[in-house]
Every structure is written in structure tokens, then in C-alpha cells.
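Okay, so here's the structure we're looking at.
The values are calculated or read from the model by the stated rules, or taken from the named source; none is laboratory data. These numbers were taken from a predicted model, which means no experiment stands behind them. Cβ sites come from the backbone with ideal geometry, for glycine too, and all protein chains shown count toward neighbours. Keep in mind that these areas ignore ligands, DNA and RNA; they rest on the heavy atoms of the full protein, side chains included. Shrake-Rupley method; radii C 1.70, N 1.55, O 1.52, S 1.80 Å.
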Amino acid sequence: MLLALLMFTLVVLLIPLIEVKQETTRTEIEKAAGDMIAEISWPADSPADIDLWTSAPGKEKIGYSMPYGQIFNLVRDDLGRDVDFSGLNYEFVFSRGIPDGRYRFSIVYYSDNGLGNVPVDVRVSIRYRQERLMIPVYEGVLTLDRLGQEKGVISFVMKDKKLVEESKSFAPFEIFYGTLNQPGSAIQMGK
């Protein structure tokens, strides 16, 4: 009995001395989220297939048909309510690092999946990491009015892992259709 009491006393005295390193785990999770993140979402009840495209420095173009690159990865390609059972209409890309240069993001009304030519409101969020904070570059809602439409969201320059504020541009541009029109393009319409 005395031995059991001694063991219990030791355990009670040692518990406060045990350190749980939660900070390390949190830091690893933060790093895994990416250095630049772009997300789009549209109404969960919509069968529409909206695509997110990005163009990074070095002419890298990332979207559903080319999901992996040196800088960006498309993590989720959502095909719309009727062919995705998650209850969300959501796509996102993230980067590994933020090299200097121009970044562009666009959205494409790829398929209506039988919806008919109905406008779709798309929420867009683009952020980049600065130490432990995520700094917004653009957040807003854009409307895609018709099937096949591509709308340039924003173009901007990053220098030394910081946004060059005066470089932000909302002038129209295309990534997806520009990629389609390149000789030898591997992209085929109709996923």
C-alpha cells in the first residue's frame, strides 16, 4: 500500500513538469497552409462549375487541367453541386514561396451542368503570408454572367515577399483562354 501511495505522489508531482509543445504543431500547420492563398466559393445550391486560374512569375499557369506547378498547386477543383457531395462549392490554390514578379488570378464559368445560362456570384479571396499574418490582397464578389466567360480578378506584383501596392490592376486579362490558344496546349474543353 505504501508503494502505491508513493507512486501516486510521484505522478501527481511530475504532471506539472510535463511540457506539451503545442507551438511547434501550430507553426507547422501555419506553414502547410501556403505562402499565398487564393480561394473562390459560390452558392452551395448551384450546379455550376466555376474554375480558379492563376498565372505566376515565369509564365506558370495553374488551373483544373494543370493543377501542379513550381510555385502554385490547385488543391481543390470543385465541379459543382451535382457532381460534388461535400455541400460546398469551393476551390483554392496555394503557393510554396512568393518569388518576385507579377501574379494574376481569374475565374471561369466552365460549365452550367444543366443550370442554364444563369449568372453566378463568386466570392474571391487572395491573401499572402507575412510572418504569422495573412495579408489580404483582394476580397470581393464578382458575377459571371454567362457560360464560358472568363473574368480577370486582379493582377499585382510581389517584391521581397511584399505587395507592391501601386502595381494592383483590374484591367481585363485572360489566363484560361490565353492558355487554350497556345500552340500545343494540353487543355481540352469539357473536363
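Of the residues Tyr128, Tyr64, ranked by 1.4 Å probe accessible area with the largest first, the sequence reads Tyr64, Tyr128. Listed values for the range 54-67 are Karplus-derived 3J(HN,Hα) couplings in whole Hz (6.51 cos²θ - 1.76 cosθ + 1.60, θ = phi - 60°), namely 9, 10, 10, x, x, 6, 5, 10, 10, x, 4, 8, 9, x, and x replaces Gly and Pro.
Here the 3J(HN,Hα) profile of the range 5-10, calculated from phi with Karplus coefficients 6.51, -1.76 and 1.60 at θ = phi - 60°, is 5, 5, 4, 4, 5, 4 Hz, Gly and Pro shown as x.
Per-residue 3J(HN,Hα) values for the range 92-102, derived from phi via the Karplus relation 6.51 cos²θ - 1.76 cosθ + 1.60 with θ = phi - 60°, read 8, 10, 9, 10, 10, x, 9, x, 4, x, 8 Hz in sequence order (x marks Gly and Pro). The trypsin sites (Lys or Arg not before Pro) of the range 85-156 meeting both criteria, a DSSP state outside H, G, I, E and B (loop) and at most 15 other C-beta atoms within 10 angstrom of the site's C-beta, are Arg96, Arg132, Arg146.
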